[in-house]
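The values are calculated or read from the model by the stated rules, or taken from the named source; none is laboratory data. Because the structure is predicted, anything quoted here is derived from the model rather than measured. Ideal geometry is used to build each Cβ from the backbone, glycine not excepted, and the neighbour counts take in all protein chains shown. Keep in mind that these areas ignore ligands, DNA and RNA; they rest on the heavy atoms of the full protein, side chains included. Shrake-Rupley method; radii C 1.70, N 1.55, O 1.52, S 1.80 Å.
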2 protein chains.
Amino acid sequence: MIAAPRGRARARLIAVARGDGAPDLVIEGARVFCAFTREWLEGDVAVADGLVAGIGSYEGGERIDARGQHLVPGFIDAHMHVESSKLTPSEFARAVLPHGTTAIVCDPHEVANVLGSDGVHWMLDASEGLPLSVFVMAPSCVPASGFESPRRELTTGDMEAILRRRRALGVAEMMNFPGVIAGDPEVLAKLEVRGASHADGHAPGVTGSALDAYAAAGIRSDHEATTYEEALAKRRRGIWVLIREASNARNLRALLPLVAEYGPDFCAFCTDDREPDFLLRDGHINQMCRVAVAEGIAPEDALLMATLNPARAHGLEWFGAIAPGYRADLVLLGDLERFSPTLVLSAGRVAAREGRAEPFEAPPVPAYVLQTVRSAPVTAADLALDPGGASRVRVIEIVPEQLITLVREVEPARLNGHVVADPERDLAKIAVIERHHATGRVGRGLVTGFGLRRGAFASTVAHDAHNLIVVGTTDADMLACAARLQEIGGGCVVADGGSVAGELALPVAGLLSGEPVEAVVARLEELHALLASFGVAIAAPFMTLSFLALSVIPALKITDRGLVDVERFELVPLGVGAGRASTPDG
Amino acid sequence: MIAAPRGRARARLIAVARGDGAPDLVIEGARVFCAFTREWLEGDVAVADGLVAGIGSYEGGERIDARGQHLVPGFIDAHMHVESSKLTPSEFARAVLPHGTTAIVCDPHEVANVLGSDGVHWMLDASEGLPLSVFVMAPSCVPASGFESPRRELTTGDMEAILRRRRALGVAEMMNFPGVIAGDPEVLAKLEVRGASHADGHAPGVTGSALDAYAAAGIRSDHEATTYEEALAKRRRGIWVLIREASNARNLRALLPLVAEYGPDFCAFCTDDREPDFLLRDGHINQMCRVAVAEGIAPEDALLMATLNPARAHGLEWFGAIAPGYRADLVLLGDLERFSPTLVLSAGRVAAREGRAEPFEAPPVPAYVLQTVRSAPVTAADLALDPGGASRVRVIEIVPEQLITLVREVEPARLNGHVVADPERDLAKIAVIERHHATGRVGRGLVTGFGLRRGAFASTVAHDAHNLIVVGTTDADMLACAARLQEIGGGCVVADGGSVAGELALPVAGLLSGEPVEAVVARLEELHALLASFGVAIAAPFMTLSFLALSVIPALKITDRGLVDVERFELVPLGVGAGRASTPDG
């Protein structure tokens, strides 16, 4: 899918390989990782026109002295969402290149929820010409469910159009695994979309004959395995095990025994959702190599899962190895423990050095991805909680460091007939305000687990539809948050005493900053500190908040359409026994 | 490249996998090979619409009791020429299915030399609907060199057209490795032909920077390595090592240490050129598994190189493994030593049982592939050898069981000023008669090494252009052979006393019989016995003869254009010092 060099460019590469032309660059004296034999070769590596010409001895060209170092292929992330970094593609590149990542396979379904197919086309445009190779999968599940309200549904037609583009590979994670297993024709149609080379999966906890059914649909990978047994079951069915180390799902250590037992084939590393602080502090795919080796995996096996294996999983030809004709995405490592690159080359050009990305020009951010927050004016009446005559109400209960929630039933505090927040009992009000079409639709409920004792906080990052989610102890603070997010085009906001106390603007689709990772992390940590002073004890309150809107992970979630009982897959009222539940169509 | 099941067919497969529909077939109780983990799984294998639905426990469907047996994926030949079997595709299928081969990747360059692109299209047509999956690579080297005269040259346009067809994969073995390494634009253009997913290589003995150059051209495989060192050098450059066990090049034992040392990845089995007797007596890819295991390779590693690895080398999705969605090409083995299938399924249907292929209908042979021998009438004058006044002449010297020849210089016997055969000294006359366009062009020379003491023998199988090659002790016998081959449309003929003494008709392109393998072998052995009674001592005289015309293997060869000094890559006269050599254009 990537244009190979043709004609004269190919002839020049061959001449350099043959020894009849000077290379552009020679990396001298390193031990060179051979992904095809799991060994280290001696020799200088010649680069011409961004490709590896050969390993040997060369005349001419710029020289890099790499004696005493290890030269390995650039790292490839087999599955991830750039949006989780809160960075634009160019800032994301600046954040991960110093860690040795030179290619990613991303599913831009967050921007797709906000901007439709325009979001995906922007992701492709915004990553054009970067020193990071950005491959895109066509989002298959927008919206994540009928309970969610993205800007619009992404159709198979949108997917086909995306898949006509260069760097677009296949069908992004098919999260609707119940639909696949049930053989739903509309779901299967997405897997059969024209132009897709393969389809990624997403099948948490699916095993046995259900897993056979999922695999029989043609799904080729999965990144949701959390146990050795689950990962083994998937690998046995020919499903690539994309071992995940996300901010909110750290599965690496649990899955390494599969690698130890069966070898690294059909395993590749991925980060799925990694928050900016994780990227800044610990790194990216190199962090997975570091952990794997610390856990006893051979460095060569770790490197395979970080380089050639993700390339093979996605059919990325000429990526992931150091050999003639391969892309000169190269990483110099001083050791095989820390995996901290001293130098990173992308297509033969220095992209990062000693932990710092080299400057490059980023494409400007077009107007159409900005100012995406279009919510109707909200008043206190829109946040009013009516239990419908019931004495007890459903409360979303956060489970620390997990995406699932529990359902708690409580007798709530009331004021003038309405249910209100009760900070003493850690009961906060929560609302999701539709923000794509200013419909004024607001879903309302109660949440426990944040520990919020005063004020409110809100975000336009709210999986997957990314409506405006706000949690608070007072309506005034909640309304202040919502109003501010409308003003700044989205982001994260904290309010107290009826006015804004802190904010991180995310003007790109309401999801991404235009700032470097350091600035984003600093601002986010200020907000975390502020919230901690309000009593919030959990580690990543904005991330936790963002997943409370994801209607496909149990047990009780909230969207702009109301409270969703994910296990029964239906909307439920606030009050227990206070009326019939309804489906998204009901 | 193979249409996956869509819509209802896919939904049915999923339902069967899920347990909600009866499979067509269940193979019960076997140990099932898992190519993804190199282990044996317990469970019944369900098949629906020719695909594997899952491994588990199923209700309904036809049952095959496989207790105590091993179920493995059907074997795949990673590189071969069907024509070497002298069988049509359907008879080839009948010959190899009992040995467990269910898919081949073939380069039909022999029929392409005789019939142009029509030959390739016929190969695709003639293999449509067989219980053997026949994948085709677009021949890249027709003619093999400018010294040879095929029916016509195959152009990049022909290759593009071939590559538009279903089951056509990529560029067939690029034999012109000097042209590739030199960066010849016409040669590189063939590697860049539109529609090719990858390019197979052919680089005998190429190592070092020349091998880097060959790899830098984008070549992805090679089947010519004869030593561990050569194979390792190729694998280190990301070139798939297609381990060959051909009739005339048995490299398997020499290359198995590579597998023992580095594992089976990037290695796959292939047969290249396998004569009908080898197929009949010893088998096909299963013979390679047998030898590999006898040599100490783990059966699981041998199986990988016989199944999933050739599929991966060629990007054959859903081939080479037993898992949901994979093609139900399945082989039952009683043991992992003999690799003699008790049952072979192709797309879920019984294709062979206990060594015998099940009957199936073969497509009829169309008229345009018959009667391809169009040679001008030949007289004794056309066979006359003129040394041009030199006292000594060049003689092609056969090296037993090798494709290379040596050059010997002798003082020949003479009669009436012409050089003649001298059976006492094992000097026979040899001629190559152009047979595609009746040009009357005849190349003439002497050969030693057959031991022929009387008569003559001839064939229209003469690599790669497949003109009519004849060797003999008398002109009369040589002319009788040539005339008979014209009459029967090609084949192998023996003459004695001025008339035909035995023959094997190969009416399809002058290369292939329409008969079953047993009949072809029997007829060929009659001819071998006849030739043995004429003094011929070498093992496979017709095969040896056929390679004397291949102008790209050292040292001295003969085509319709004359004697070819392959090392100097020029035509040379019979007489030593008898005139200037000339290039093909000279």
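Points worth noting:
- Residue tally, condition open to solvent by less than 10 Å² (accessible area, probe 1.4 Å), within 11 Å of chain B (Cβ to nearest Cβ) and touching a Leu at 6+ places or on another chain (Cβ under 6 Å), over segment A:38-52: 1
- For segment A:48-66, filtering for residues that are over 20 Å from B:Arg235 (Cα atoms) and in contact with a strand residue (DSSP E or B) (Cβ under 6 Å, 6 or more places away or on another chain) leaves 7.
- Residues that are facing chain A (nearest Cβ under 8 Å) and within 15 Å of B:Ala321 (Cα to Cα) within segment B:10-34 comprise just one, B:Cys34.
- Taking every residue in segment B:251-262 that is under 12 Å from B:Glu229 (Cα atoms) and pairing it with any residue that is among the basic types (Lys, Arg), at least 6 positions away or on another chain, the pairs with Cβ-Cβ distances below 8 Å are B:Leu258/B:Arg235.
- Test: residue in segment A:363-374 that is of a type outside the set (Val, Ile, Thr) and more than 25 Å from the chain's Cα centre (by Cα): no
- Within segment A:231-253, if we keep just the residues that are in contact with a Leu (Cβ under 9 Å, 6 or more places away or on another chain) and charged (D, E, K, R), the residue that is farthest from B:Leu308 (Cα to Cα) turns out to be A:Glu245.
- Residues being within 14 Å of another protein chain (Cβ to nearest Cβ) and farther than 28 Å from A:His436 by Cα - total across segment A:153-168: 0
- Residue check, A:Ser149 among the hydroxyl-bearing types (Ser, Thr, Tyr) and within 14 Å of chain B (Cβ to nearest Cβ): no
- Verdict on B:Gly7 being touching a Gly at 6+ places or on another chain (Cβ under 9 Å), open to solvent by 10 Å² or more (accessible area, probe 1.4 Å) and facing another protein chain (nearest Cβ under 10 Å): no
- Residue check, B:Leu303 touching a residue at least 40 places away in the same chain (Cβ under 8 Å) and either farther than 23 Å from B:His109 by Cα or surrounded by fewer than 24 Cβ atoms within 10 Å (Cβ to Cβ) (or both): yes
- Among the residues of segment A:202-233, the one identified as within 12 Å of another protein chain (Cβ to nearest Cβ), under 15 Å from A:Arg244 (Cα atoms) and among the small types (Gly, Ala, Ser) is A:Ala231.
- Odd one out for A:Leu188 among (1) more than 30 Å from A:Arg374 (Cα to Cα); (2) of a type outside the set (Ser, Thr, Tyr); (3) away from every other protein chain (no Cβ under 12 Å): (3)
- Just so you know, in segment A:10-47 the residues that are touching a residue at least 60 places away in the same chain (Cβ under 8 Å) and among the small types (Gly, Ala, Ser) include one that is farthest from A:Asp335 (Cα to Cα), and it is A:Ala17.
- Inspection of segment B:164-182 identifies at least one residue that is among the charged types (D, E, K, R) and either within 17 Å of the chain's Cα centre (by Cα) or open to solvent by less than 10 Å² (accessible area, probe 1.4 Å) (or both).
- Taken residue by residue, segment B:249-270 has at least one member that is under 19 Å from B:Pro541 (Cβ atoms) and either out of contact with any Asp or Glu (no Cβ under 6 Å at 6 or more places or on another chain) or among the charged types (D, E, K, R) (or both).
- Test result for A:Arg441, more than 21 Å from A:Arg394 (Cα to Cα), touching a strand residue (DSSP E or B) at 6+ places or on another chain (Cβ under 9 Å), of a type in the set (Lys, Arg) and open to solvent by 10 Å² or more (accessible area, probe 1.4 Å): no
- Residues in segment A:452-475 that are in contact with a strand residue (DSSP E or B) (Cβ under 8 Å, 6 or more places away or on another chain) and open to solvent by 10 Å² or more (accessible area, probe 1.4 Å) were compared, and the one that is nearest to A:Glu153 (Cα to Cα) is A:Val461.
- Residue among B:Glu503, B:Glu526, B:Glu487, B:Glu515 that alone is in contact with a Gly (Cβ under 8 Å, 6 or more places away or on another chain) and either part of a helix (DSSP H, G or I) or in contact (Cβ under 8 Å) with a residue 60 or more places away in the chain (or both): B:Glu526
- Of the residues examined, A:Pro264 is not one that is surrounded by fewer than 20 Cβ atoms within 10 Å (Cβ to Cβ), more than 14 Å from A:His202 (Cα to Cα), modelled with pLDDT of 95 or more and within 14 Å of another protein chain (Cβ to nearest Cβ).
- Residue in segment B:267-281 that is at negative phi and within 14 Å of chain A (Cβ to nearest Cβ) present: yes
- The lone criterion from (1) on the phi > 0 side of the Ramachandran plot; (2) at pLDDT 95 or above; (3) open to solvent by 10 Å² or more (accessible area, probe 1.4 Å) left unmet by B:Ile488 is number (1).
- Segment B:335-387: number of residues that are touching a strand residue (DSSP E or B) at 6+ places or on another chain (Cβ under 8 Å), open to solvent by 70 Å² or more (accessible area, probe 1.4 Å) and within 30 Å of B:Gly119 (Cβ to Cβ): 0
- Residues of segment B:107-134 satisfying the condition of being under 25 Å from B:Asn176 (Cα atoms) and buried (at least 24 other Cβ atoms within 10 Å of the Cβ): B:Asp107, B:Pro108, B:His109, B:Glu110, B:Val111, B:Ala112, B:Asn113, B:Val114, B:Leu115, B:Gly119, B:Val120, B:Met123
- Condition met for A:Val293 (β-branched (Val, Ile, Thr), closer than 22 Å to A:Cys106 by Cβ and either away from chain B (no Cβ under 14 Å) or open to solvent by 20 Å² or more (accessible area, probe 1.4 Å) (or both)): no
- Of all residues in segment B:69-89, those satisfying the criterion of being over 21 Å from B:Pro139 (Cβ atoms) and open to solvent by less than 10 Å² (accessible area, probe 1.4 Å) are B:Leu71, B:Val72, B:Pro73, B:Gly74, B:Phe75.
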